[in-house]
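Asks: For reference, the structure I am asking about is given below.
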Amino acid sequence: MSSQYISRVVETVKKRYPGEAEFHQAVTEVLESLSPVIEKNKEIEQAGILERITEPERQIIFRVPWIDDAGKVQVNRGMRIQFNSALGPYKGGIRLHPSVNTSIIKFLGFEQIFKNSLTGLMMGGGKGGSDFDPKGKSDNEVMRFCQSFMAELYRHIDADTDVPAGDIGTGAREIGYMFGQYKRLKNIYHGILTGKGLLYGGSLVRTEATGYGCVYFCQEMLKDRSSGFDKKNVVISGSGNVAIYAAEKAMSLGAKVIAMSDSGGYIHDADGIKLDLVKKLKEVERKRISEYAKEVKSAKYTEGCSGIWTIPCDIALPSATQNELDEAGAKTLVKNGCTAVAEGANMPSTPEAVKVFLDAKIAYGPGKAANAGGVATSGLEMSQNSQRLSWSFDEVDAKLHRIMENIHETAKNAAKEYNTPGNLVNGANIAGFLKVAKVMIAHGVI
Ligand code: NDP
Ligand code: 2IT
């Protein structure tokens with residue numbers, strides 16, 4: 001009965017949004033976990049919760065025209081998907097990457113509903129973005145794009161309505177330009193974005209939060225196996241915001257990070273990655289990771305991304321992008337002795353890869369649980385903005401740490417309660433979903 005309900009809703013989503021492969025993947029993965037919950041709570045089907053939770057409350061798609069440095073008019077497509085506001089204002093990042101389309105933003109927005117629910121903070125789920133590519137653009141071009149993007153988006157967001165933040169391609173620079181344009185258009189100075197600079201309302205630890213949080217989550221999984229990060233070899237894909245601070249925290253706990261990557265390829269440094277150099281290359285100079293191997297003798301650069309999973313390691317933290325770790329990669333990781341995978345990125349493992357990890361019974365933390373530290377700290381930034389106060393680094397870090405411990409505990413307990421002990425995919429989906437479903441029922445059919 002419950003599985004018929006689930007297949008019916010999955011089929012409706014596929015029919016309504018043909019060709020949106022990533023969105024279908026995310027919906028299927030979450031809904032397939034929910035069968036025992038729907039069996040036990042009949043009012044979920046009666047209230048049409050699955051039909052409603054898979055349909056965004058609002059989708060805004062808009063033109064973003066801007067003028068490049070050569071004086072030529074460029075046009076990108078901007079969007080914001082306000083997916084679910086049962087638990088609070090829509091909350092989620094803005095992705096700037098040429099691959100952005102409605103499927104990608106919808107999958108991210110859908111995942112965000114359950115992730116935000118797991119944080120225990122009052123935030124709904126949403127996501128936005130554009131197919132604009134910040135790579136190779138001048139600061140002025142990025143500024144003109146961000147101003148044009150916000151010239152439409154400002155109508156649809158507010159501190160208690162929808163609060164965007166960073167994601168791939170959107171960092172401190174882009175958030176600054178977007179904040180400035182919002183303030184100018186609305187003549188209001190308040191927390192309409194998170195990930196803001198520390199001088200204008202940002203929170204300490206937000207920059208580090210997703211990476212640190214991912215490592216805190218992984219630590220909890222390892223504790224259950226009487227293990228930890230000390231002296232472990234760690235492979236991290238990506239070399240952006242999430243990857244860099246996952247590496248920093250893993251190293252501070254005694255691990256050796258031996259590989260990182262970007263969309264061009266990966267570096268393997270058996271002596272341990274020199275993170276200061278990665279930060280300089282990526283955060284300051286915006287260069288390619290291949291430059292690392294030119295400066296460090298012990299490092300080898302290999303073109304292409306998927307090979308990174310062939311490097312033997314104890315712990316893998318995929319922190320670049322969706323579907324970057326496939327079945328072959330997962331099998332190789334397990335064969336080479338990897339005992340823990342915690343996802344810094346959103347949906348980096350394909351469904352086949354997830355199955356390999358679950359079947360092998362290694363510690364596996366899905367993105368919506370393991371990378372929730374970023375949005376959780378965004379929630380803390382919103383709290384500080386509302387109070388007009390700034391908390392210290394240690395205070396925010398301690399709160400983040402506690403939230404990640406709680407998410408792990410919550411997912412673990414839900415997995416146990418619904419008869420799949422140790423399966424944090426089911427646990428995170430069930431726990432994240434139940435809270436939203438109960439509130440949607442309380443709010444009536446809207
Ligand atoms: P950044 O833009 O800072 O870095 C992204 C990194 O991933 C870069 O190294 C980039 O390489 C690589 N990458 C991006 N797209 C691809 C691709 N198609 N193939 C291979 N590599 C790619 O983004 P973040 O670090 O912020 O985001 C990384 C992941 O973490 C994303 O999945 C994001 O959704 C997720 N996430 C981010 C949070 C945050 O707070 N920032 C919070 C929770 C999750 P290159 O430079 O060559 O493009
Ligand atoms: O995927 C994510 O959780 C983010 N990009 C962060 C969202 C946020 O609002 O901080």
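Asks: Pairs needed: first member in the stretch 93-105, basic (Lys, Arg); second member anywhere, within 11 Å of ligand 1 (Cβ to nearest atom) and in a loop (DSSP other than H, G, I, E, B); C-beta distance under 8 Å; at least 6 residues apart or different chains.
Replies: Matching pairs, first to second residue: ARG95/ILE168; ARG95/GLY169.
Asks: Which residue out of GLY125, GLY166 is free of Cβ contacts under 8 Å to residues at least 60 places away in the same chain, closer than 30 Å to GLU405 by Cβ and within 13 Å of ligand 1 (Cβ to nearest atom)?
Replies: After applying the criteria, what remains is GLY125.
Asks: Now for a different question. I'm checking my understanding of the structure. Among residues of the stretch 129-155 that are under 23 Å from the mean Cα position of the chain (by Cα) and surrounded by fewer than 17 Cβ atoms within 10 Å (Cβ to Cβ), which one is farthest from GLN74 (Cα to Cα)?
Replies: The qualifying residue farthest from GLN74 (Cα to Cα) is LYS135.
Asks: Let me ask something additional. Quick one: is VAL257 surrounded by fewer than 22 Cβ atoms within 10 Å (Cβ to Cβ) and either under 21 Å from GLY367 (Cα atoms) or more than 11 Å from ligand 1 (Cβ to nearest atom) (or both)?
Replies: For VAL257, the condition - surrounded by fewer than 22 Cβ atoms within 10 Å (Cβ to Cβ) and either under 21 Å from GLY367 (Cα atoms) or more than 11 Å from ligand 1 (Cβ to nearest atom) (or both) - is not met.
Asks: Output the number of residues of the stretch 1-15 satisfying the condition of being in contact (Cβ under 8 Å) with a residue 12 or more places away in the chain and not hydroxyl-bearing (Ser, Thr, Tyr).
Replies: Within the stretch 1-15, residues that are in contact (Cβ under 8 Å) with a residue 12 or more places away in the chain and not hydroxyl-bearing (Ser, Thr, Tyr) number 5.
Asks: Would you mind finding the one in SER349, SER319 that is crowded, with 24+ Cβ neighbours inside 10 Å and without any contact (Cβ under 8 Å) to a residue 60 or more places away in the chain?
Replies: Criteria check complete, one pass: SER349.
Asks: For LEU358, which of the numbered conditions (1) more than 15 Å from ligand 1 (Cβ to nearest atom); (2) within 25 Å of ILE168 (Cβ to Cβ); (3) of a type in the set (A, V, I, L, M) fails to hold?
Replies: Failed condition: (2).
Asks: May I pose another question? Would you check if PHE23 is under 20 Å from VAL354 (Cα atoms), touching a Phe, Trp or Tyr at 6+ places or on another chain (Cβ under 9 Å) and at pLDDT 95 or above?
Replies: yes
Asks: Can you tell me how many residues within the stretch 302-313 are within 23 Å of the chain's Cα centre (by Cα) and either β-branched (Val, Ile, Thr) or surrounded by fewer than 24 Cβ atoms within 10 Å (Cβ to Cβ) (or both)?
Replies: 5
Residue by residue, here is whether (1) closer than 30 Å to GLY202 by Cβ; (2) away from ligand 1 (no atom under 15 Å from the Cβ) holds:
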position: MET404; (1), (2): yes, no
position: ALA411; (1), (2): yes, yes
position: GLU417; (1), (2): no, yes
position: THR420; (1), (2): no, yes
position: GLY432; (1), (2): yes, no
position: VAL439; (1), (2): yes, yes
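Asks: Does the stretch 196-214 include one or more residues that are surrounded by fewer than 20 Cβ atoms within 10 Å (Cβ to Cβ) and either at pLDDT below 95 or within 14 Å of ligand 1 (Cβ to nearest atom) (or both)?
Replies: Scanning the stretch 196-214 turns up no residue that is surrounded by fewer than 20 Cβ atoms within 10 Å (Cβ to Cβ) and either at pLDDT below 95 or within 14 Å of ligand 1 (Cβ to nearest atom) (or both).
Asks: Output the number of residues of the stretch 172-194 satisfying the condition of being part of a loop (DSSP other than H, G, I, E, B) and either within 15 Å of ligand 2 (Cβ to nearest atom) or at pLDDT below 95 (or both).
Replies: Number of matching residues: 5.
Asks: If you go through the stretch 106-127 one residue at a time, how many are in a helix (DSSP H, G or I) and either touching an Asp or Glu at 6+ places or on another chain (Cβ under 6 Å) or among the hydrophobic types (A, V, I, L, M, F, W, C) (or both)?
Replies: 6
Asks: Could you check how many residues of the stretch 398-410 are buried (at least 21 other Cβ atoms within 10 Å of the Cβ) and either part of a loop (DSSP other than H, G, I, E, B) or within 16 Å of ligand 2 (Cβ to nearest atom) (or both)?
Replies: 4
Asks: Would a scan of the stretch 413-435 turn up a residue that is buried (at least 20 other Cβ atoms within 10 Å of the Cβ) and closer than 22 Å to ALA165 by Cα?
Replies: Yes.
Asks: Residues that are within 13 Å of ligand 2 (Cβ to nearest atom), assigned to a helix (DSSP H, G or I), among the charged types (D, E, K, R) and in contact with a Cys (Cβ under 7 Å, 6 or more places away or on another chain): does the stretch 195-210 have at least one?
Replies: No, that holds for no residue.
Asks: Check ASN140 against each of (1) away from ligand 1 (no atom under 16 Å from the Cβ); (2) in contact with a strand residue (DSSP E or B) (Cβ under 9 Å, 6 or more places away or on another chain); (3) in a helix (DSSP H, G or I); (4) among the polar types (S, T, N, Q) and name the one condition it does not meet.
Replies: ASN140 satisfies all of (1) away from ligand 1 (no atom under 16 Å from the Cβ); (2) in contact with a strand residue (DSSP E or B) (Cβ under 9 Å, 6 or more places away or on another chain); (3) in a helix (DSSP H, G or I); (4) among the polar types (S, T, N, Q) except (2).
Asks: Would you confirm whether or not the stretch 150-161 contains a residue that is within 16 Å of ligand 1 (Cβ to nearest atom) and either out of contact with any Phe, Trp or Tyr (no Cβ under 6 Å at 6 or more places or on another chain) or part of a loop (DSSP other than H, G, I, E, B) (or both)?
Replies: no
Asks: A follow-up question, please. Would you mind telling me which numbered condition in (1) surrounded by 16 or more Cβ atoms within 10 Å (Cβ to Cβ); (2) assigned to a helix (DSSP H, G or I); (3) touching a residue at least 60 places away in the same chain (Cβ under 8 Å) TRP391 fails?
Replies: Failing condition for TRP391: (2).
Asks: Can you tell me how many residues in the stretch 222-239 are part of a loop (DSSP other than H, G, I, E, B) and in contact with a Lys or Arg (Cβ under 7 Å, 6 or more places away or on another chain)?
Replies: 1
The values are calculated or read from the model by the stated rules, or taken from the named source; none is laboratory data. On a predicted model such as this, the values are computed, not experimentally measured, just so you know. All Cβ positions, even for glycine, are placed from backbone atoms using ideal geometry, and neighbour counts span all protein chains on display.
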